[in-house]
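What follows is a single structure, written as structure tokens, with notes after it.
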Amino acid sequence: REQRLLLRAAELEAERDALGARVAELEARAAYLARFAPPSATAGESEGFPVDLAGKRQASARKLEGRRREQKVGAFQRQRSARVIQRALRDRRGSEASCGA
């Protein structure tokens, strides 16, 4: 059993090394291809489609605003639930004190 585990561990290490080499190869290829890409190339532009930059900016601004709103709501809900928990603990302590526990 121990031999099988050691063999499997060696296989996994070899697989990990092969994957690391593949990642390095792909990164090198991406860096090579990036040298030939125009500076502002997006997926649309590189395929010959005109890209509406103003529309893109508006969309990303809306997305950012949505994220900010979600963060504010999340922070408010966390504060509210913390207050509810604190109140419940305080009430429980009060009832324990009145019972003489």
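The values are calculated or read from the model by the stated rules, or taken from the named source; none is laboratory data. The model shown is predicted, which means the values in this text are computed figures rather than measured ones. Using ideal geometry, Cβ is built from the backbone for each residue, glycine included, and neighbour counts are taken over all protein chains shown.
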Find all pairs meeting these conditions: Cβ atoms under 7 angstrom apart; at least six residues apart or on different chains; first residue within the range 11-24 and modelled with pLDDT of 90 or more; second residue of a type in the set (D, E, K, R). none
I'd like the full set of residues that are at pLDDT 80 or above and either among the acidic types (D, E) or within 25 Å of the chain's Cα centre (by Cα) (or both), limited to the range 82-101. D91
